[in-house]
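Below is one structure, written out as structure tokens; the observations come after it.
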Amino acid sequence: MGVTHLSAKHEDRRENLANYHERVELAASFRWTARLNMHEGVANHFSLAVNEDGTQFLMNPNQVHFSLVKASDLLLIDANDPTTMERPDAPDPTAWGLHGALHRLCPHARCAMHVHSIHATVLASLADSALPPIDQNTAIFFNRVAIDDQYGGLAFEEEAERTCANLSDPSKKVLVMANHGVMVIGDSVADTFNRLYYFERAAETYIKALWTGQKLRVLSDEIAEKTAREIEEYPGQSEKFMAAILQLLDRDGEDFRL
């Protein structure tokens, strides 16, 4: 199937639906997460801040499978609106708890993606959830991961605020949520999804290395930090990755742009 070009209907949406470009990228990230089997059925949630102070954000609707999310489905939420859960289209309660708290407490977290992907969740289930730099992918996250080791049940209200406080340091872009999963933040959809993807790949490498039972070859702190900085400064990777995802979804005729 060839690349799908925007129809007149799509053009109208682009002109009339606020934050249309951001909605399309966020919808695409849901679709690709489903393809990678990093989703949790109709659970888990992504958000993207759309105002200057980060308190208004787009988020997936309640109980919609990641593979079905469209640009127009995304809810516009105000983190400071106490009546949010009274809306007829109220979001998932834990999504509201986690993302509402995050966008109130951490304005630098422009985009946030929370999943229970297998390898990141295995890492979160270990007594020591640190990710040592044993290869290039794991080195990306050297000194850039926060670990919350105090799981307190579903992320409602107080639990959500306690959890999200772990991301108050802007240098920490990933939160390993003990006994739960992972929360990844970034400056844009592309930046955050790229980080989410590589963290899952890094966790997979580490978990499978542990399976061998052999001694790990851990990089020095100096080389790990050098590698992390070089990756951070690598030009255009996340944007190119997102562009490729959009192209592949269009090629396959997916309706995420609607």
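Where a number appears in this text, it was derived from the coordinates with a stated rule and is not lab data. No experiment lies behind these values; they were computed from the predicted model shown. So basically every Cβ, Gly included, is an ideal-geometry build from the backbone, and we count neighbours across all protein chains shown.
Here the relative contact order of the chain, from alpha carbon pairs under 8 Å that lie six or more residues apart, stands at 24 percent. Each residue in Ile185, Ile223 was given a count of other beta-carbon atoms within 10 angstrom of its own, and listing them fewest first yields Ile223, Ile185. Given (1) -0.47, -0.57, -1.17; (2) -0.39, -0.49, -1.08; (3) -0.71, -0.84, -1.42 as candidate values of log10 I(q)/I(0) by the Debye sum over Cα atoms at q = 0.09, 0.10, 0.15 Å⁻¹, which corresponds to the one derived from the coordinates? After the calculation, the listed value that fits is (2).
If the segment from Glu40 to Ser220 were pulled out straight at 0.36 nm per residue, it would be longer than the present Cα-Cα gap by 61.2 nm. For the chain, what are the DSSP H helices with axial Cα length of 24 Å or more and mean Kyte-Doolittle hydropathy of at least -1.0? Membrane-span-like by this criterion, though nothing is claimed about a membrane: 189-211. When each of the peptides 240-248, 139-147 is scored by the mean number of other C-beta atoms lying within 10 Å of its residues, the order from highest to lowest reads 139-147, 240-248.
With the contact rule set at Cα under 8 Å and sequence spacing of 6 or more, what percent relative contact order holds for the stretch 107-219? Averaging sequence separation for qualifying contacts and normalising by length gives 41 percent for the stretch 107-219. Round to a whole angstrom and tell me the spacing of the C-alpha centers of the stretch 16-36 and the stretch 184-237. Here the answer is 24 Å between Cα centres.
Protection proxy ranking of 112-120, 202-210, by the mean of other Cβ atoms within 10 Å over each peptide's residues and highest first, is 112-120, 202-210.
Nearest-5 percent of antiparallel DSSP beta bridges in the chain? Percentage antiparallel, nearest 5: 85. How many lysine pairs are close in the chain, with Cα atoms under 22 Å apart and the two 8 or more places apart or on different chains? Close lysine pairs found across the chain: 5. Just grab the label-to-label distance for Gln150 and Ile207, each label 7 Å out from Cα along the Cβ direction, in nm (one decimal). Calculated label separation equals 2.7 nm.
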